[in-house]
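Participant: There's a structure below that I have some questions on.
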Amino acid sequence: MNIACIGAGSVGGPTMAMIALKCPDFQVHVVDLDSARIAAWVDGRLPIFEPGLEEMVREARGRNLTFSTDVAGGIKQADIIFVAVNTPTKSYGVGAGRAADLRFIESAARMIAEHADSNKIIVEKSTIPGKTADTISTILAANTKGLRFQVLSNPEFLAEGTAVNDLMNPDRVLIGGERTPEGEKAVETLVSIYARWVPRERIITTDLWSSELSKLVANAFLAQRISSINSISALCEATAADVDEVADAIGKDSRIGPKFLKASVGCGGSCFQKDILNLTYLCEGFGLPEVAAYWTQVVTMNDWQKHRFTSHIIEQLFNTVSGKKIAVLGFAFKKDTNDTRESAAINVCQDLLAEHAQVCVYDPKVSAEAIGFETLGPGVDNPRLTIAKDAYEACRGAHAIAIVTEWDEFKTLDYARIFAEMPKPAFLFDGRNIVDLAAVRKIGFQASGIGKPPESTLAQEKPLLCFDGKR
Ligand code: UDX
């Protein structure tokens, strides 16, 4: 079996490495037009940071896993072609800011049509707005040269930072295909690949459209949980309840479950916002504005949460951060990744810079270039944005610390040492609830967490309310 994957990004690269590892008798070729990205996969400094990935790639690369810019060659040799190209949110024309930009999918389909010289199975791996399989099929059908193509949907549910484990032990593998004999046969071929390491009962097969839609809905539900708990975090702060206690109590209900209930400064990443915007765009297209409005609120709440965090910082710092140094700890959208797409840190830094703060960022994995690019835009410089080489340097002389990414190293910093090097009062805003607030308050910090009771309400006796609502 010869497998090609068009797109060497955070889905294509790790997924193909896993297939190559588990199917040593297959040849797996990852192709991408971006020569810098391919060079990085080839020479060992992988373009994405993912725990365990380097070891996996090292084992298969050169044996049955190759990376190259020869897209035409990859297509020609392959029996199965995975399409794992970018589907960013459209930034122009109809649907700008919401619809998925499908030009990379279309150009992949056209390249397959142009270069294929035998029958192929095409597998959609990219997250797509639905009915995209139809688009690929139509383009291929119009250019068949007598060849037969079967298009399958096989959405990827891996999360960044845990990609290797998610690929090794997926909750489920979803494969959608046409309900025709040829379609069923193609589905079975793909099932047999995953069945090399995934228990058969975890491999679900369905029709194309249900498969495509399931991916958008899974991400929408996950993001909805975060926005739900984040909305409650605001209520907790107002009423001196503790959001982690609330999350723990509700999560013990097996119908709700404990995962994805961690209140935060707001969720980021390349998928959640994009997929919800996509879903709402679809709903509107199908004449369902109420459904679209329902899901739009998930994104609205997430945006509000990011800005609420910075507003709180400014308010606490006596309503002005102008000229004050603020240390921003973490820039990646979550720990264990160098990905910054839609990271809450971007909004936090932008809001603080707009208020003329001196923003000093430290992230263990994100480069200074990426921080500057995301915050200021390409080629723009702002002397009020600086990058530190470690957390201590970032915090030295800062009026406040804002923890934006939950990197483990921020849990064990020497906060007493940091406190000693800050002007007083020294503030700490924990956007991830990872530090022990009681301990840092004992050191002397004015510290607050997301959805945590403010210090003042802890010191005072809580007012007792009679059941008629009066004190
Ligand atoms: C997500 C989905 O989890 C994955 O199944 C899909 O394939 C791609 O999108 P990813 O974007 O890599 O994966 O990250 P995820 O772990 O889901 O986190 C997304 C964001 O939500 C991060 O910013 C994270 O910090 C935040 N988050 C997550 C919370 O704020 N609270 C939580 O309880 C969980």
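Participant: Give the residue list of trypsin sites (Lys or Arg not before Pro) in segment 2-69 that are DSSP loop and have at most 15 other beta-carbon atoms within 10 angstrom.
Facilitator: Here the sparse-neighbourhood loop sites are R45, R63.
Participant: Mind listing which trypsin sites (Lys or Arg not before Pro) in segment 77-141 are in a DSSP loop and have 13 or fewer other Cβ atoms within 10 Å?
Facilitator: Passing sites in segment 77-141 are K131.
Participant: What residues qualify as long-range amide H neighbours of V328, i.e. H under 5 Å apart, gap of 5 or more or another chain, H built at 1.01 Å from N?
Facilitator: Result for V328 returns C360, V361, Y362, A402.
Participant: Quick one: go through segment 261-293 and flag any residue whose amide nitrogen is under 15 Å from the point 7 Å out along the Cα-to-Cβ line of Q316.
Facilitator: Answer for this model: 264-266.
Participant: In whole percent, and with a 1.4 Å probe on the protein chains, what portion of the accessible area of segment 1-55 is carbon and sulfur?
Facilitator: 54
Participant: If you don't mind, there's one more thing I want to ask. Whole angstrom only: what separates the Cα centroid of segment 210-249 from the Cα centroid of segment 1-43?
Facilitator: Centre-to-centre (Cα) distance: 35 Å.
Participant: Moving to a separate point now. Could you calculate the contour length gain from L147 to V217, that is, 0.36 nm times the residue separation minus the distance between their Cα atoms, to one decimal place in nm?
Facilitator: Here the answer is 21.8 nm.
Participant: Taking DSSP loops as anything outside H, G, I, E and B, show the longest stretch in the chain free of chymotrypsin sites (Phe, Trp or Tyr not before Pro) there with at most 13 other beta carbons within 10 Å.
Facilitator: 93-285
Participant: Based on the Kirkwood radius over alpha-carbon pairs, what is the Stokes-Einstein translational diffusion coefficient of segment 248-297 at 20 °C with 1.002 mPa s viscosity, in µm²/s?
Facilitator: My calculation gives 166 µm²/s for D.
Participant: Run lengths n ≥ 4 of DSSP H only: what is the helix-derived mean residue ellipticity at 222 nm for the chain, with -39500 (n - 2.57) per run over all residues, to the nearest 500?
Facilitator: -13000 deg cm²/dmol
Participant: What do the square roots of 5 times the Cα gyration tensor eigenvalues come to for the chain, in whole Å, largest first, as semi-axes of the equivalent ellipsoid?
Facilitator: Largest first, the chain gives 44, 25, 20 Å.
Participant: A further question follows. Return one whole number: the accessible area per residue of the chain in Å², for a 1.4 Å probe.
Facilitator: It amounts to 45 Å² per residue over the chain.
Participant: Which values of log₁₀ I(q)/I(0), to two decimal places, follow from the Debye formula for segment 256-381 at q = 0.11, 0.18 Å⁻¹ with a uniform point scatterer at every Cα?
Facilitator: For segment 256-381, the Cα-only Debye profile gives -0.46, -1.03.
Participant: Roughly what % of DSSP beta bridges within the chain run antiparallel, to the nearest 5?
Facilitator: Expressed as a percentage, antiparallel bridges in the chain total about 5.
Participant: Once all Cα-Cα distances of segment 75-148 are split into 10 Å bins that start at 0, what whole-number percent is in each one?
Facilitator: Bins of 10 Å from zero give 20, 50, 23, 7 percent of pairs.
Participant: Normalising by the residue count of segment 151-292, find the relative contact order in percent from Cα pairs under 8 Å and 6+ residues apart.
Facilitator: Over segment 151-292, the number comes to 20 percent.
Participant: Another question, then. Multiplying the sequence separation of A39 and E114 by 0.36 nm and subtracting their Cα-Cα distance, what value in nm do you get?
Facilitator: Residue separation times 0.36 nm, minus the Cα-Cα distance, leaves 24.5 nm.
Participant: Still on this structure: Would you be so kind as to identify which of G285, W209, A195 lies farthest towards the positive end of the dipole of the chain, taking Lys and Arg as +1 and Asp and Glu as -1 on Cβ and the Cα centre as origin?
Facilitator: Going by the charge dipole, the pick is G285.
The values are calculated or read from the model by the stated rules, or taken from the named source; none is laboratory data. Not measured: the values here are computed from a predicted model. Cβ atoms come from the backbone with ideal geometry, glycine included; neighbour counts cover every protein chain shown. Surface accessibility is based on the protein's heavy atoms, side chains included, excluding ligands, DNA and RNA. Shrake-Rupley method; radii C 1.70, N 1.55, O 1.52, S 1.80 Å.
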